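Structure first, commentary second.
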Amino acid sequence: MKKMLPEDLIAARFERALQSCLEALDRVHYPETLVNSLEAVLLARQGGSRGVPLLIETLTWGEKRPSANRLVASECMLRGFLLLAEAGLPETEVFEKSLGRKLGAEFSQAQLLLTADTLFTWALELTAGECDSSGKPLPGSLSFSMGIEGSLAGLDRARPTLAGLLDLDPVQGLAGSFSAREAGADRVFRLVSRWIFLSELSLWFGSQQIVSPEIGKIERKLDRVVGEGPSKGRTGLLYELVLFLKSQGFLTDQAVPFS
């Protein structure tokens, strides 16, 4: 497939944007202890690239590029979700190498819960004055897709098991709020958004075993869908995005091979 999307350059753009937004935080309203925990959650990595910002960039490729604030807000929302997801699990279901456990060694549970709440509110501040793909205020759209009527409601229903998290997909609603997409790419978009969420779960918990079977199913479906015809437009871009994320270590070598 001819390379269409310079994901490595896009990923570098996001990292610069994240650093800039963190440096611009008002230290009066965001005390040093909170800034430290925000940085720890947003900068902590266990391999891989930034799936959600790259998905948003891919969905808007060839159009007006999303602002840096939109991209950072998307990562804030996802990280806040993952932090709350792990906090709701019993100790027996948390992996030794999870990011939450590592962060818990540095910050109290109360501090991490405050950080999760701040990640959501900061995302709304970052997107104030911007609109979603339908022209409505973006903060309102995000509050709906990620709030008590959306992904957080699903999170409450999924508790307190890790298996319950595998049935969720906050990435689909999150990316849909940030960017328009072609109707013809909806099926692939749903598959890719779920692939990214499961991969993010794998990275967050530091274990491939929790998602490997589901990831394999999605990748086989993607191969079939893309194999049905030429991979053009956003369908091709989304397919290429998954290939790029795998090349960046989104999943370990134990994952189901993906051609």
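The values are calculated or read from the model by the stated rules, or taken from the named source; none is laboratory data. Since we're looking at a predicted model, the values are computed, not measured. Every residue, glycine among them, receives a Cβ derived from its backbone with ideal geometry; neighbour counts consider all protein chains shown.
Could we say that THR115 is without any contact (Cβ under 8 Å) to a residue 24 or more places away in the chain, among the polar types (S, T, N, Q) and either in a helix (DSSP H, G or I) or within 19 Å of LEU43 (Cβ to Cβ) (or both) here?
Criteria not met by THR115.
Kindly indicate the residue of region 43-69 that is hydrophobic (A, V, I, L, M, F, W, C) and buried (at least 20 other Cβ atoms within 10 Å of the Cβ) and also nearest to the chain's Cα centre (by Cα) among those meeting that condition.
My answer is VAL52.
Test each condition in (1) modelled with pLDDT of 75 or more; (2) farther than 21 Å from SER108 by Cβ; (3) in a helix (DSSP H, G or I) for LEU9 and report the one that comes out false.
If we test LEU9 against (1) modelled with pLDDT of 75 or more; (2) farther than 21 Å from SER108 by Cβ; (3) in a helix (DSSP H, G or I), just (1) comes out false.
Taking helices (runs of 4 or more DSSP H) that do not extend beyond region 173-247, which have at least 3 residues that are at pLDDT 85 or above and over 25 Å from LYS64 (Cβ atoms)?
Per the criteria, 186-205, 212-227.
Got a sec? Which of LEU18, LEU78, LEU34 is crowded, with 16+ Cβ neighbours inside 10 Å, over 23 Å from GLU130 (Cβ atoms) and at pLDDT 90 or above?
From the options LEU18, LEU78, LEU34, the qualifying one is LEU34.
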